[in-house]
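Participant: Next up is a structure, given as structure tokens.
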Amino acid sequence: MAKKEHISETPATQFLRKHRVDFSEHPYPYEEHGGTSVSARELGVPEHTVVKTLVMQDEAAKPLIVLMHGDCKVSTKNLARAIPCKSVEPCKPEVAQRHSGYQIGGTSPFGTRKALPVYVEQGILALEKIYINGGRRGYLVGIAPQVLVTLLAARAVSCALEE
């Protein structure tokens, strides 16, 4: 008899369950530096529907989260203009981990160690379903994108650059 793969709770899944969010679980074999192209391939979904969770900081080193399509990059200039601040840059991995509580490659916007402002690329909100990190490397959850706005008060921004 085939045993169903057991997925232990993460702060992200605890957060989603606590808020009664419908989500699907999608474990996959994690590849170091594989990024969203690997997770999209393993799940058999378009990379555009896989959402990256990026921990960044403004010029005062205040942390923030940016949610971006897997097949796009963030224009830090456009993001800085949209959220009004002087500049935005990615946090160093150890700083990002300290802010979020998650290991790089397993960062979820849900259940972060500190409450961080969340910005979401506007095109993500137009999708029917997105796949976003569930709080562990090699583990995505499928959710409706509106959850980002209702639970995280995510603000829509336009800062995507084609990769």
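The values are calculated or read from the model by the stated rules, or taken from the named source; none is laboratory data. On a predicted model such as this, the values are computed, not experimentally measured, just so you know. Glycine gets a Cβ as well: all are built from the backbone with ideal geometry, and neighbour counts include every protein chain shown. The area values use the complete protein model at the heavy-atom level, side chains included, leaving out ligands, DNA and RNA. Shrake-Rupley method; radii C 1.70, N 1.55, O 1.52, S 1.80 Å.
Participant: Could you tell me the calculated FRET efficiency between Ala61 and Ala156, based on Cβ-Cβ distance and R0 = 30 angstrom, to the nearest 0.05?
Facilitator: Efficiency computed from Cβ-Cβ geometry: 0.75.
Participant: To continue, here is another question. Restricting to Cα pairs below 8 Å that are 6+ residues apart, what does the relative contact order work out to for segment 16-148? Please round to a whole percent.
Facilitator: On the way: 247 pairs, mean separation 37.4, N = 133.
So the answer I get is 28 percent.
Participant: Gaussian network model of the chain, Cα springs within a sub-10 Å range: biggest mean-square fluctuation belongs to which of Pro29, Pro145, Pro11?
Facilitator: Looking only at Pro29, Pro145, Pro11, the biggest GNM fluctuation is shown by Pro29.
Participant: Okay, next question. What trypsin sites (Lys or Arg not before Pro) in segment 124-163 are in a loop by DSSP, with at most 14 other Cβ atoms within 10 Å of the Cβ?
Facilitator: Lys129
Participant: Follow-up question, since we're still on this one. Out of segment 6-86, which trypsin sites (Lys or Arg not before Pro) are coil in DSSP terms and have no more than 11 other C-beta atoms within 10 Å?
Facilitator: Hits after loop and neighbour filter: Arg20, Lys86.
Participant: Arg155's amide H: which non-local residues (gap 5+, or another chain) put their own amide H closer than 5 Å, with H modeled 1.01 Å from N in plane and none for Pro or chain starts?
Facilitator: Excluding prolines and chain starts, which carry no amide H, the hits are Val118, Tyr119, Val120.
Participant: DSSP beta bridges in the chain, what fraction antiparallel, as a percent rounded to 5?
Facilitator: 75
Participant: Shifting gears a bit: Determine the share of the chain's accessible area contributed by carbon and sulfur atoms, expressed in whole percent, with a 1.4 angstrom probe. Don't jump to the answer; show the numbers that get you there.
Facilitator: Values: 4450 of 8760 Å².
Answer for the chain: carbon and sulfur cover 51 percent of the accessible area.
Participant: Can you list the GluC sites (Glu not before Pro) in segment 1-110 that are in a DSSP coil and have 15 or fewer other beta carbons within 10 angstrom?
Facilitator: Glu5, Glu9, Glu31, Glu32, Glu59
Participant: Of Lys86/Lys129; Lys73/Lys129; Lys18/Lys73; Lys18/Lys86; Lys18/Lys92, which sit over 29 Å apart, Cα to Cα?
Facilitator: On the way: Lys86/Lys129 33 Å; Lys73/Lys129 20 Å; Lys18/Lys73 32 Å; Lys18/Lys86 36 Å; Lys18/Lys92 31 Å.
Flagged as over cut-off: Lys86/Lys129; Lys18/Lys73; Lys18/Lys86; Lys18/Lys92.
Participant: Averaged per residue, what accessible area in Å² does segment 46-120 show with a 1.4 Å probe, protein chains only?
Facilitator: 46
Participant: Quick one: net charge of Gly70's neighbours, Cβ under 10 Å, K/R +1, D/E -1?
Facilitator: That works out to -2.
Participant: If we count every other residue with Cβ under 13 angstrom of Gly111's Cβ, Lys/Arg +1 and Asp/Glu -1, where does the sum land?
Facilitator: +4
Participant: What distance in nm lies between label points placed 7 Å from Cα along the C-beta direction at Glu89 and Thr76?
Facilitator: So the two model labels end up 0.6 nm from each other.
Participant: In debye, nearest 20: dipole of the chain around its Cα centre with unit charges on the Cβ of K, R (+) and D, E (-)? Show your work: numbers first, answer last.
Facilitator: Values: 20 positive and 17 negative charges, 124 e Å.
In total the dipole reaches around 600 debye.
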